[in-house]
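Engineer: Structure incoming, see below.
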Amino acid sequence: GGGYTLTAFDLTPAGAATTARQFVTRAQNFGDVTEHFDGVNVSLNARLRNGLLIQGGMGTGRVVTNDCDVVEKLPETLHQFLGNNTRVFVFGARPLERCEQNNGFRTQVQGLASYTIPRIDVQVSGTFQNLPGGNVSANANTFGTGTLGRPFSGAPFRVFNIVNAGELYVERLNQLDLRVAKIFRFAGARTNVNFDFYNALNGNAVIGENFTYGAAWRTPQSILLPRMFKLSAQFDF
C-alpha cells in the first residue's frame, strides 16, 4: 500500500575493493539466525469395497526467517545474489525492515479418486489440486538517496524489494486432470489404453509474474498450460 519508510544499506565510496574471496564462518559468531516452519497436514486414504479409491488431504504452513542480529553487525548481508554478498547494483537487495520475514500461512488442497467399472473393465480417475501462489516481489530501481547525503557508491541507482514478505501473492492455481482407461486382460498380462484429459476446466492461473516495479509490474509471464489430451498405452506382464 505504500506510505512507509524503508531503510537501505550502501557502501561508502571508500569501501574496500571487491575480491573474489569469501570468508565463511558460523552465523553464531555475530548473532542468531533462525528459520521456523509451522505447519499442519491432514490426509485421508480410503479403499471402498466396491473398488472406489479415494485419497486426499490438505496442508497449511508458514516459514518465518530472522537474521536481524547478523544484519545489525554485517549490514552488507542485505545485498546478496545466490547466497553470496555482492556489490553488483542490478541485483535486488533487502531493506533493513525485511531482516525478519514472515511468509504467512499458505494452504494447499489435493485429492484423487479412481473407480473401475465392473464387467466392462473401464477405469475412471481424476486428480484435483488447489495450490497457493508464490510471494510477490517489487524490485524497484531507486534513484533517490533520501538522507544519505550523497549519490549511491559505484552506481546510479540501487534495486530494493519494497514489498514485505507475506503481503502479496501470485494467484492460486486450480487444476483438474481426468483419465479414462480401457483395461484388456489376456494370458496373465494386462494392457491399459488411456485417454488423459489435462486441465479439464481449462484454468488459466498465472504461474509467473514480472517483479520489476514499474508500469509492467505483475504482468503475467507464464500461465497454466491450456486444456490438452493425450492417448497412451501401458502393458504389464
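The values are calculated or read from the model by the stated rules, or taken from the named source; none is laboratory data. Nothing here was measured: the structure is a model prediction, and the numbers come from that model. Heads up, the Cβs are rebuilt from the backbone with ideal geometry, glycines too, and the neighbour counts pull from every protein chain shown. The area values use the complete protein model at the heavy-atom level, side chains included, leaving out ligands, DNA and RNA. Shrake-Rupley method; radii C 1.70, N 1.55, O 1.52, S 1.80 Å.
Engineer: Filtering segment 89-113 down to residues that are of a type in the set (Val, Ile, Thr) and within 25 Å of residue 161 (Cα to Cα), which residue is modelled with the lowest pLDDT?
Structural biologist: 90
Engineer: How many residues are closer than 23 Å to residue 232 by Cα and not small (Gly, Ala, Ser) if we restrict to segment 190-215?
Structural biologist: Qualifying residue count, segment 190-215: 12.
Engineer: Next question, about the same structure. Please return the ranges of strands (runs of 3 or more DSSP E) entirely within segment 38-141 where 2 or more residues are closer than 24 Å to residue 180 by Cα and open to solvent by less than 60 Å² (accessible area, probe 1.4 Å).
Structural biologist: Once the strands (runs of 3 or more DSSP E) in segment 38-141 are filtered for at least 2 residues that are closer than 24 Å to residue 180 by Cα and open to solvent by less than 60 Å² (accessible area, probe 1.4 Å), what remains is 53-66, 106-117, 122-131.
Engineer: Output the qualifying pairs, or none if there are none: Cβ atoms under 6 angstrom, residues six or more apart or on different chains, first residue in segment 117-141 and under 21 Å from residue 229 (Cβ atoms) and among the aromatic types (Phe, Trp, Tyr), second residue open to solvent by 30 Å² or more (accessible area, probe 1.4 Å) and modelled with pLDDT of 95 or more.
Structural biologist: 128/176
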